[in-house]
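Working notes, structure below.
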Amino acid sequence: MAENNKGSMKFVVILTVVVIGLVAVFVVLDSKNNSGSESNSASSGEPISTEGQPTIGESDAPVKIVEFGDYLCPACKAWSEQVFPLLKQDYIDSGDANLTYINVLFHGEDSELASSAGEAVYKQAPDKFWDFSKQLYAAQPKEHQEGWLTEEIIVDAAKKSVPSIDIEQMKQDMKSEEIQQEVQKDETLVKEQGVQVTPTVMINGEMVEDPFNYEEISTKIEQAIEESNE
Ligand code: CA
């Protein structure tokens, strides 16, 4: 009898530990969802705040695509040259989707410099932001090369995309508190969304597994369009 009691006591103790463990897991998950910090909200489908960010396409498009990119990242150059034009042609120009660009600073000071330039161009000529992005990615060497990004390259890309740009103003803006805050705002989004690779692409708040898999992307977009019609 004593043995039996011990046995059932053991069982109760184990069960209690398991229950406490489960409760702890739920509490952790819940607090993560509530705070939105450090959690990968990709699966939660929470929309990302894209207010004040460069966005191409209709503002009320049913599908919101977000690209987390870094002008210093070779894969981002490839994505902007291979995948972005397809998205623009198939879904953005038709009004089904819009796309927002968020800076990622994985390449340190050079990323910060390029991001500040992008934000400064966006401030002066919002509708030319994508031309500037294209020019800056075009300037990225095909072969990996440290330190390729110079002020000269930035100025050249800015002039090519916005012939009327005030370069002195742009340089001042790049160092301004206002632009630094914009860059910081992006950095906060990167952390909030748990972005770990560039490019990272989200469709209506859901992370795309392989941003170079156009079939996956278009399937997700088509689904999102259908859902918006329901
Ligand atoms: Ca931004």
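Across region 185-219, the number of residues qualifying as closer than 22 Å to Cys73 by Cβ and not in a loop (DSSP other than H, G, I, E, B) comes to 18. Against the conditions (1) within 16 Å of the ligand (Cβ to nearest atom); (2) part of a helix (DSSP H, G or I); (3) within 17 Å of the chain's Cα centre (by Cα); (4) buried (at least 20 other Cβ atoms within 10 Å of the Cβ), Phe132 satisfies every one except (3).
Conditions (1) farther than 20 Å from Glu226 by Cβ; (2) buried (at least 17 other Cβ atoms within 10 Å of the Cβ), marked per residue:
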{"residue": "Gly57", "(1), (2)": "no, yes"}
{"residue": "Cys73", "(1), (2)": "yes, yes"}
{"residue": "Gln82", "(1), (2)": "yes, no"}
{"residue": "Lys88", "(1), (2)": "yes, no"}
{"residue": "Asp93", "(1), (2)": "no, no"}
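Hey, which of the helices (runs of 4 or more DSSP H) in region 65-128, taking only ones fully inside, have at least 1 residues that are within 12 Å of the ligand (Cβ to nearest atom)?
Details: elements: 74-82, 84-87, 108-124.
The helices (runs of 4 or more DSSP H) meeting that bar are 108-124.
Scoring Val83 on the criteria (1) in contact with a strand residue (DSSP E or B) (Cβ under 7 Å, 6 or more places away or on another chain); (2) β-branched (Val, Ile, Thr); (3) at pLDDT 95 or above leaves a single failure, condition (1). Here the condition is being assigned by TED's automatic domain parsing to the domain that holds Asp60, within 16 Å of the ligand (Cβ to nearest atom) and in a helix (DSSP H, G or I); of Glu152, Glu168, Glu182, it holds for Glu182 alone.
The values are calculated or read from the model by the stated rules, or taken from the named source; none is laboratory data. The model shown is predicted, which means the values in this text are computed figures rather than measured ones. Here Cβ is always computed from backbone atoms with ideal geometry, including for glycine, and neighbour counts include all displayed protein chains.
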